[in-house]
1. So for the range A:12-78, averaging the separation of alpha carbon pairs under 8 Å that are six or more residues apart and normalising by length, what relative contact order in percent results?
2. If one computes the Cα centroid of the range A:185-217 and of the range B:166-195, what distance in Å separates the two points?
3. Over all residues in B:321-334, what is the mean tally of Cβ atoms on other chains that come within 10 Å of each residue's Cβ?
4. Compute the Cα gyration tensor for the protein assembly as shown, then decide on rounded, prolate or oblate, letting a ≥ b ≥ c be the square roots of its eigenvalues: rounded whenever a/c is under 1.5, prolate when a/b is larger than b/c in the other cases, and oblate in all that remain.
5. Give me the number: length gained by fully extending B:GLN473 to B:GLU175, i.e. 0.36 nm times residue separation minus the C-alpha to C-alpha distance, one decimal in nm.
6. Can you give me the relative contact order of chain B as a percent, contacts being Cα pairs under 8 Å and 6 or more apart?
7. Counting other C-beta atoms within 10 Å, and keeping those with at most 13, which DSSP coil GluC sites (Glu not before Pro) do you find in the range B:335-413?
8. Which whole-Hz couplings ³J(HN,Hα) result when phi for each residue of the range B:277-284 is put into the Karplus expression 6.51 cos²θ - 1.76 cosθ + 1.60, θ = phi - 60°, listed in order with x for Gly and Pro?
Amino acid sequence: MSLFDQGPTMSLEEFRLLRELVNETCGIRFESDAMFAMERRLRERLAALGLTSFRAYYQRLRYHPEAQAELENAVDVLTTNETYFFREAYQLEALEKSILPEMKERNERSKRLTVWSAGCSTGEEVYTIAMILLGTGAFAGWDLRVFGSDISRRVIQHARRGVYGESSFRAMQPRYSRYFSDAPGGKRIANEVKSICHFGQLNLLDHERSALIGTADVIFCRNVLIYFDDRSRERVVRTFHDRLVPGGYLLLGHSESLLHRATQFEIVHMDRDIVYRRPMTRTLFDEVDR
Amino acid sequence: MSSTPPPSDDKPRLQTLVDASRSDDVERRRAVVDALRAHWTSADEQARALLVGALGDGEWRVRRDALQLAVEWTTGPGGRPLESRLVEAVAQGENVGLRNAALEVLATRGAAVRELLEAALKEAGTRPAAKFFVEALGASRDRDAVPGLVPLVDIDDANLSAAAVGALAQLGGDEAIAALLGALETHDPFRKMAALDGLAQLGAQVPFEALAPLVDDRFVRRAAVPLLGRSGEPRAAELLADVLRASGSLATVERVATALVQLAGVVGDDAVAARLDDTSGRLRRLAAGGEPAGRRAAVHLLVLNRDEGSLGEIVALAAEDELLPQSLRALQRWGASAVPSLLGVAEASVGVQRARALELAAGLAVEAEASVREKLVRALRDAARAGDATVRATALRSFAPFVSAQELGWLVEATAEDEEIASAAVAALESFAAREPDPVRERLAQIDFDGPGARLAPVAARLRGDSILDDLQGGLSSQRPEHRAASVRALGLIPKPRAAEMVAFALIDEDALVRETAAHVLSSLRSEEGRALGVDALVAALGSEDDTLRATAAAALGDLGASATDEVVPALLTAARGSGPLTVAAALGALEQIAPSTLQELVDEALADPEAAVAERALGIAVGLGGDAVVGRLAVALGHPVWHVRVAAARWLGERREEGAREALLARLAQEDDASVRAAIEDSLEPLED
């Protein structure tokens with residue numbers, strides 16, 4: 001389907017219905033000016049299903065026997081965003097220079113470290129974190145795990161494959177090139193890196209299912225919360241709080257902030273970044289909100 | 001909510017709560033509100049006092065809990081005295097939190113508190129509290145408040161006057177608009193600006209003659225711009241373009257660009273494009289760094305202005321799926337002249353941007369001269385054969401009109417790759433086969449359909465007809481569902497009863513994609529004489545015990561349209577009663593398509609069905625059936641237990657504009673708790689109130 005193809009058009013009413021359904025499903029909020037973007041992205045699904053109107057597509061998402069599977073497809077095309085290795089490097093520097101040394105000292109006995117990349121898209125962030133962990137050389141013999149999750153099944157499959165084209169390397173740091181080899185369709189991530197990375201499909205609003213991840217020392221959730229409505233954002237932040245070990249860190253995107261919200265996290269100023277930390281001691285929220 | 005609510009069977013003494021409300025512990029103070037909710041009503045004066053105290057608590061969580069309870073209590077016994085206390089809370093000037101909470105509660109009461117607020121406003125005179133009562137009247141959405149506010153627009157107190165203008169803008173209606181238009185005559189720039197903002201907010205049409213002089217006033221220009229965009233007056237284009245050329249700030253450029261796009265929608269693209277000389281620099285700056293709405297507007301104007309140097313910005317916006325449909329249409333008018341520049345942009349980009357640049361170039365190249373086409377084909381071929389999956393798939397899709405026989409080898413190989421690449425390659429082959437069948441037929445002769453070759457089955461079926469039937473048997477046995485589905489689709493292209501028999505087996509496939517495809521194919525498969533070949537299989541599936549299969553079959557039977565045979569309607573009527581909700585909903589939809597006259601009675605039963613799937617389907621059908629009963633039917637659905645059914649019913653009622661619709665909506669609004677439904681009802685009431 002070309003950009004110039006005139007597919008079915010979306011009425012305001014259909015936009016409202018679909019927007020509310022998507023919001024209900026995964027917490028993502030489409031502003032009123034996002035109608036054309038939604039229309040264009042979902043046209044692909046209408047064409048695949050042989051449907052001629054967005055009303056029929058809404059009915060399908062709500063009531064069809066295979067509605068759940070199609071809802072995943074819809075969320076898939078609506079949420080996929082391009083990402084790349086070593087995105088927002090200043091934050092990765094905070095991880096490498098400040099957080100990891102602290103974690104090394106703290107977890108010296110267990111020799112175990114878990115990082116969760118929530119909303120990892122096609123996996124570049126997960127592998128970036130894994131390369132940094134390995135690149136420090138400080139964790140030899142440790143049980144390292146970098147867990148990547150995303151609501152989209154398709155991007156998770158891409159991440160598992162671990163083969164990336166040139167657009168993923170736009171901010172690549174040369175010293176990590178050794179972790180890649182040439183492959184059909186791009187470059188393949190080395191098994192040494194891949195072996196500590198795990199991927200799974202997860203809706204961040206699914207608090208119960210998030211528990212399957214276990215606890216994490218650090219959580220990355222960058223450029224994800226901006227798409228959520230307030231209520232969903234609070235639910236997700238609470239999930240992160242529950243999944244972090246006391247003293248664990250939450251790193252959000254540069255345009256995302258918890259400063260104006262009442263949260264369980266404390267703010268930590270690092271050299272070039274502000275990050276959030278779950279307090280070491282239990283707070284009133286632990287008693288009240290659980 | 002607090003973790004320590006008082007035991008519900010043990011009513012504490014009120015004095016205990018008074019003491020607890022003075023505690024330093026936030027949770028104890030929240031527990032006080034919980035206790036008030038559990039054991040008291042607003043009929044008790046002390047309880048009211050405690051609640052108002054909690055509305056002014058220093059901690060937001062206590063205020064939030066109290067606010068929720070206050071909203072509940074204002075509608076219960078003793079609601080009026082509580083409202084009076086809230087009005088007093090607005091008048092006090094010490095506790096801002098209390099005042100804001102009281103205003104918030106009063107806003108939920110709408111017309112019920114108008115008279116109370118008007119009396120308080122009168123009493124307040126020109127004291128600071130008057131401004132808050134004016135704001136509360138605006139928030140009440142009760143247009144009967146307009147006459148009381150109009151005189152305040154002209155008074156000397158600038159704050160109060162601006163508040164009145166703001167309130168009128170919230171309330172709307174002819175009288176409010178007339179008052180705001182009158183305020184444009186004033187010499188006070190603040191008041192003029194507030195009136196312009198109010199008129200813009202109301203979507204009012206302001207005469208061009210009244211707006212034109214305001215553009216010269218640096219102070220109010222900003223507020224006049226959106227109204228000029230909405231004026232529908234071609235002369236406004238020149239004025240706006242002048243403002244654009246003179247603007248230094250990105251915010252003003254954004255505002256003007258948005259207004260110009262809106263104006264173009266009424267006076268035509270050409271009338272606006274003719275005025276855009278010397279604006280590209282500012283527009284490009286906005287396109288590269290503004291907010292999404294501003295970027296969309298800037299890019300649209302750059303497209304209208306045929307600014308080739310801005311193709312990078314245009315492609316970047318397309319890559320974010322933010323390009324306006326009218327911008328695409330305008331870009332199409334550029335024709336092949338833009339292709340070389342777009343290929344240049346593609347070469348300098350990666351990822352989705354590269355994909356979009358190629359896609360746009362291919363879309364514009366249809367009538368390009370040979371050398372340009374050659375360059376494009378080379379670029380598409382290179383991009384289709386290596387690199388990012390997104391770029392490859394897009395290039396393959398765009399390549400379809402340019403495929404030649406020598407490309408067949410690598411295109412067929414690409415159909416064995418990942419789904420995204422493979423389906424784009426199949427589409428390209430399909431397009432070429434329609435133009436030149438022989439080379440494709442020859443190339444596909446040796447394809448094995450139980451492997452990745454299954455994806456090519458539909459292309460081969462079109463070329464080989466029923467001689468392919470035996471070969472497709474292998475595809476139906478493939479281990480991969482997408483291969484089986486492709487074989488089913490291929491069978492759907494063969495107008496023979498044997499093809500229908502083979503597809504019928506796929507209705508019980510373990511994979512949903514295959515079942516779906518089979519049902520869809522069975523509903524569309526016709527013999528050469530035009531007889532529907534899949535009816536028997538679909539009717540048989542309707543008798544299955546599996547609700548999902550039955551629903552799939554029911555929906556497919558609806559797609560038969562005029563080809564439905566005699567046995568279809570009785571089978572669907574049976575399915576529409578006594579089946580699972582999915583089947584009932586699908587059967588109702590199918591009956592609407594092929595036998596709407598059978599639905600009058602069924603639709604009433606379905607509207608009362610507690611299952612949302614059934615009720616919402618019935619709603620759409622009830623509207624389609626029309627007639628005198630429609631408003632009554634929609635009113636029934638307004639009481640449905642599931643919120644989004646109520647939202648749908650409210651929206652339909654708003655569109656009907658028939659007798660009884662307004663009353664039904666108001667009746668529901670009075671008892672509705674759900675915020676989404678309340679918003680939908682209020683939206684629907686707005687045009688009805690007019």
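Here, each number is a calculation from the coordinates, and none is a lab measurement. All of these numbers come straight from a predicted model, not from anything done at the bench. Cβ placement follows ideal geometry from the backbone for every residue including glycine, while neighbour counts extend to all protein chains displayed.
1. 33 percent
2. One Cα centre to the other: 57 Å.
3. For this peptide, the per-residue mean of nearby foreign Cβ atoms is 3.
4. Cα axes put the protein assembly as shown in the rounded bin.
5. Answer, rounded to one decimal: 99.9 nm.
6. Rounded, it is 4 percent for chain B.
7. Within the range B:335-413, the qualifying GluC sites (Glu not before Pro) (loop, at most 13 other Cβ atoms within 10 Å) are B:GLU367, B:GLU369.
8. Taking θ as phi minus 60°, the curve returns 4, 6, 10, 4, x, 5, 5, 5 Hz for the range B:277-284.
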